[in-house]
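S.K.: After the structure tokens below, expect a handful of questions from me.
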Amino acid sequence: MLDKILCIDDDPITLMLCKKVISKAEFSKEIDFFKNGEEAIQYFDELKDEKNKENKITPPNLIFLDLNMPIMNGWEFLDVFSDKDYYLDFPNTKVIVLSSTIDPKDLNKSKSYPMVIEFLSKPITKEMLETIKSTI
């Protein structure tokens, strides 16, 4: 079981489904939700500030990331998060793109980000989580 995961998606139904499936699968002890990439980056900025104060806050082990969101989409989030300031501070945080897109260009683009370990189609399922458990 992972300590903490993030779900970044603007669709409340997807977020609700993620919460239920993750809970039933006993996949993670803690789940945080964000509606866009900007909210998630703000969260990581807060974690960095706390880390500099030497408080023990556990960063997420895994992020489920949607691509198509308002304000800051998944690609923009990955561009910021792959910057050395984040990547060096959170080297153990991995990303799984969870999207409804079927464009092969998106799959290939996701492979260019070192923290992305998988590209899956929505909706998330218990079977997907079982597969992920065996690879993490």
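The values are calculated or read from the model by the stated rules, or taken from the named source; none is laboratory data. Just so you know, these numbers come straight off a predicted model, no measurement behind them. We work out accessible area using only protein heavy atoms, side chains counted, and drop any ligands, DNA or RNA first. Shrake-Rupley method; radii C 1.70, N 1.55, O 1.52, S 1.80 Å.
S.K.: Carbon and sulfur together cover what percent of the accessible area of region 41-136 at a 1.4 Å probe radius?
M.R.: That fraction is 50 percent.
S.K.: Under the rule of at least 5 residues apart or a separate chain, name every residue whose amide H is placed under 5 Å from the amide H of residue 72.
M.R.: Answer set, sorted by chain and number: 37, 38.
S.K.: Between rounded, prolate and oblate, where does region 1-98 land on the alpha carbon gyration tensor, with a ≥ b ≥ c its root eigenvalues, rounded for a/c under 1.5, else prolate if a/b exceeds b/c?
M.R.: Working: a/c = 1.92, a/b = 1.19, b/c = 1.62.
Oblate, because a/c is 1.5 or more while a/b does not exceed b/c.
S.K.: Oh, and also: Taking H as built 1.01 Å from N, whose amide H comes closer than 5 Å to the amide H of residue 64, not counting residues under 5 places away?
M.R.: Long-range HN contacts for residue 64: 6, 7, 8, 96.
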